[in-house]
């Protein structure tokens, strides 16, 4: 009697069941979406050159890539595979033609510039990749290699790449000579995470036309380094400017500070003044020299131009040279020096140093530090920015049964709003959780003595889950729990690594912390991923090793919001496991089934979200052989496409991910970073509005908002959720809420809103999801939505895409004409970071894409308060004072020369010795003004944090205004009159004579009396405008010179001194009051830091909870500020 054949066994033996690759479905994936992490050690590159062979591969064919519909006509295919295993080569063919004779080709070293498309290259461990190379083979038998991509995306973790299945027999130069294939590639494009190509060849044994798709998983990009791999052999597809790293060069947009943009107009104004005085000089000189009835005719033997018109023309250009200081070219050089020093101070600030990552605050754009002092809106991501992005699996809902015990920060925030004593409740809950952990560990050991379970790693505390897994609640729940954990262990793209020890430890490297948390929890309860094999994934399930064949993996991205794995089970069944956002999974469940389960699971997920947990849904679908094979045929066609491969793969994946069966949901906690609530409160006191743009659910975002001081019980939440997704409905909803504030969203109201920088009353907050945000960003509604948000204290945008984040930043920045700052830590934040005036990246768990695209990089969110409120305010005030004083000093110097021309018919005679003119900007006045821009401080950093309201002057842009510019110009004009005519009155009598009777009333001596006086006036004027005197220059001159100089100085500075006295006595600024309080000792308590045993004060610690707290909440009651008794 013949053995009964299992269903699908014949298919199982075919090539179709070989492991398939992982394909993404959109170009917006994260940097690590195609790769996995490893803990292998990286080494410094020891060799910069490469070895290559001059043997080129055949040229690409001109015909298109088509897959015949009949199965027997379909070319054999080979796919790259995310696992380490490799099926037998006979299923994938080989690029080698064994009948082709081999020559004497050898690899040789050569320069990068000589590498050409089609060359075979052999690259060794630690070498840098010289071009974009398709991997044919590696030293690893499974065709895997590891690459470090930090030169491209800043990530230091290693990523795995795979050789083509058809090329793994190519090991030597002689094998390269025997190859016959072509590569059909897409044209060069800048996306670092996407590549579509196909290798074509005729299989020697069967004479069949074969094709193998090539994706980004098979490509090594120029600029990366090969790590932990002895060698790889590949073929070059792009070189030079066609490589992805070169196409991405300079992708970050250039940013200029607001003051620099406004400064252009002031330079133009000065240039107009310069042209006018040159024109006046030319006209008067031409008239005077052409008159003939004056003394010029007796002392001048003709003029250069010989006629008045030409004399005037020449005088115009001579005046342009003489009065050139009116246009302050050296100002831009001085500003570059100042901003460079400011960037160095920011980098050197130990209070913004993050020790766990050994990461200081790193300025990447050195010319916009003054913009940090004018920020009015901050747009922040949540995950990894406000939170730690260290995921811990806390709760689950399986088959309608909730499991897990946890006490989250959001839960504490809810209880605090209800008046519950949070500290007592937290202590009670933690005690219960500790007891539950002990019981669960005991039960797990009884169920199975799992060698991979380490007590300290357990985050999922659910003793009832273990008892149900043991069958105490019935076979149905036992099977549901088993299948749920099996789904977590199979539906992923992680790499497992075994750390030697007793007992051994298995760690997981995943493309996201969420995925690692899910697989780690499955390991802890007995479903351990041991690694990959030729058959797929090896699991240890309650002590039994099993192998599951991975047929296809459909990876997660921000568009799909889900990930699926098609697995052939040990019993030959084919099951699709899918995990993703609840909205995506619920829309794909099988209609009219599992009604009670859907409702119960949805309630549990909502409860988890209210506790601040991140939720995912898990589902599955059983496929029959025919259904899978038909779908897989379509998948092969999409995978073999060169054009629009990602879109075609997404469309094909969409057809199979339907009619799912719900298994349950997961809840993962992402804790707030240290000091986030304090930082948000401090920024709010400074008048800065914080908007949170996140991809999380509305409920999760609201609870995180309460826990980090964005929301409070006194606020009325305006929740936008447009169910029918109609613009008319969104418009009606907007109008309804606008009436609350007695506004309509008109253009006049927008003009008023652009001029108003006052923080809104803390009475309302807006919460809106991505679908509704899409509607209100409609051109007809965006202005009304913007004005509504202007009236609200906090805005939370949930379930938003990266493009929507950038659109919101652009709406506020351009709509309200305000300075914006975006802060994030992941690739999904890059768009809004580049859109904002200032982009801040956090070096976190999601790689370094945000850091690479940012203007400033920090280690934790809490450092933002010091970056903005201290360094930003200092930089803005310093730059503003520097520019104003620079214009002033050039006006006073230039116009002293201009006044002299009145007495010499504007013939452009130099008043000063030429040395004075050369050294005026170079030595006499440049250093004081540069030192002012670098070192001046109105108040210390501690006081800046203790009184954050001082920052509001920057939000209102009062430090640099056109009124201030013209005031300093007029001041300089007045002082130039005093400096010149005081000396002129002395020389007017013409009675200067030396002891020998010779007259000494010469032009040079006249200039000596005016020049030093002007220089002294300028420097003392700078000292008057400086809050902290760091140096003083003293001139010692002759008595007569000293008398004239002193009188000039007094007369010049008297108006300014009087204005300063009146202003500080009767119209003091906020900072004047605070400075007086500092001198009175009311802030001495800030310096009385408690010194720890190691000699470091608490103020120097990285915790923002130790930073000085605001001591005055009212913006108008600074005089009542008092320190502690």
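Whether any residue in region 622-632 is closer than 30 Å to residue 568 by Cα, touching a helix residue (DSSP H, G or I) at 6+ places or on another chain (Cβ under 8 Å) and in a strand (DSSP E or B) is what I want to check. Scanning region 622-632 turns up at least one residue that is closer than 30 Å to residue 568 by Cα, touching a helix residue (DSSP H, G or I) at 6+ places or on another chain (Cβ under 8 Å) and in a strand (DSSP E or B).
Residue 382 - would you say it is at pLDDT 90 or above and either more than 20 Å from the chain's Cα centre (by Cα) or outside any strand (DSSP E or B) (or both)? It is false that residue 382 is at pLDDT 90 or above and either more than 20 Å from the chain's Cα centre (by Cα) or outside any strand (DSSP E or B) (or both).
Quick one: is residue 263 modelled with pLDDT of 85 or more and farther than 21 Å from residue 137 by Cα? Working first, answer last.
Details: modelled with pLDDT of 85 or more: yes; farther than 21 Å from residue 137 by Cα: yes.
The answer is yes for residue 263.
Residues in region 677-700 that are buried (at least 24 other Cβ atoms within 10 Å of the Cβ), in a helix (DSSP H, G or I), modelled with pLDDT of 80 or more and touching a strand residue (DSSP E or B) at 6+ places or on another chain (Cβ under 8 Å): 1 in all. Determine, yes or no, whether residue 600 is under 30 Å from residue 702 (Cα atoms) and either modelled with pLDDT under 90 or assigned to a loop (DSSP other than H, G, I, E, B) (or both). So residue 600 fails the test.
The residue pairs whose first member lies in region 331-342 and is more than 12 Å from residue 367 (Cβ to Cβ), whose second member is outside any helix (DSSP H, G or I) and modelled with pLDDT under 90, and whose beta carbons are closer than 9 Å, counting only pairs six or more residues apart or on different chains, are 334/328.
Of the residues 476, 392, which single one is part of a helix (DSSP H, G or I) and on the phi < 0 side of the Ramachandran plot? Reasoning before the result, please.
Numbers: 392 fails: part of a helix (DSSP H, G or I).
Every option except 476 fails the conditions.
Taking the criterion of being surrounded by fewer than 13 Cβ atoms within 10 Å (Cβ to Cβ) and not in a loop (DSSP other than H, G, I, E, B), the only residue of region 755-767 that qualifies is 755. All of (1) out of contact with any strand residue (DSSP E or B) (no Cβ under 7 Å at 6 or more places or on another chain); (2) in contact (Cβ under 8 Å) with a residue 12 or more places away in the chain; (3) surrounded by fewer than 21 Cβ atoms within 10 Å (Cβ to Cβ) hold for residue 541 with one exception: (1). The one condition from (1) closer than 22 Å to residue 866 by Cα; (2) surrounded by fewer than 24 Cβ atoms within 10 Å (Cβ to Cβ); (3) touching a residue at least 60 places away in the same chain (Cβ under 8 Å) that residue 718 does not meet is (1).
Within region 165-183, the set of residues being within 38 Å of the chain's Cα centre (by Cα) and at pLDDT 90 or above comprises 183 only.
Does residue 377 satisfy the condition of being more than 24 Å from residue 844 (Cα to Cα) and buried (at least 18 other Cβ atoms within 10 Å of the Cβ)? Even if it seems obvious, please write down each step before you answer.
Details: more than 24 Å from residue 844 (Cα to Cα): no; buried (at least 18 other Cβ atoms within 10 Å of the Cβ): yes.
So residue 377 fails the test.
State all residues of region 495-519 that are within 29 Å of the chain's Cα centre (by Cα) and in contact (Cβ under 8 Å) with a residue 60 or more places away in the chain; if no residue qualifies, say none.
To start, the set of residues in region 495-519 that are within 29 Å of the chain's Cα centre (by Cα) comprises 495, 507-519.
Answer for region 495-519, where residues must be within 29 Å of the chain's Cα centre (by Cα) and in contact (Cβ under 8 Å) with a residue 60 or more places away in the chain: 495, 507, 509, 510, 511, 512, 513, 514, 516, 517, 518.
Here residue 579 meets the list (1) closer than 24 Å to residue 458 by Cα; (2) over 34 Å from the mean Cα position of the chain (by Cα) almost entirely, failing just condition (2). Looking for something modelled with pLDDT under 90, in a helix (DSSP H, G or I) and not assigned by TED's automatic domain parsing to the domain that holds residue 730 - is there at least one such residue anywhere in region 820-842? Checked region 820-842: no residue is modelled with pLDDT under 90, in a helix (DSSP H, G or I) and not assigned by TED's automatic domain parsing to the domain that holds residue 730.
Test residue 570 against the criterion of being over 27 Å from residue 457 (Cβ atoms), in the same structural domain as residue 631 (by TED's automatic domain parsing) and not in a strand (DSSP E or B), and give yes or no.
Details: over 27 Å from residue 457 (Cβ atoms): yes; in the same structural domain as residue 631 (by TED's automatic domain parsing): yes; not in a strand (DSSP E or B): yes.
Judged against the criteria, residue 570 is a match.
The residue that is surrounded by the most Cβ atoms within 10 Å (Cβ to Cβ), among those in region 255-281 that are under 30 Å from residue 819 (Cα atoms) and in contact with a helix residue (DSSP H, G or I) (Cβ under 7 Å, 6 or more places away or on another chain), is 257.
The values are calculated or read from the model by the stated rules, or taken from the named source; none is laboratory data. On a predicted model such as this, the values are computed, not experimentally measured, just so you know. Ideal geometry is used to build each Cβ from the backbone, glycine not excepted, and the neighbour counts take in all protein chains shown.
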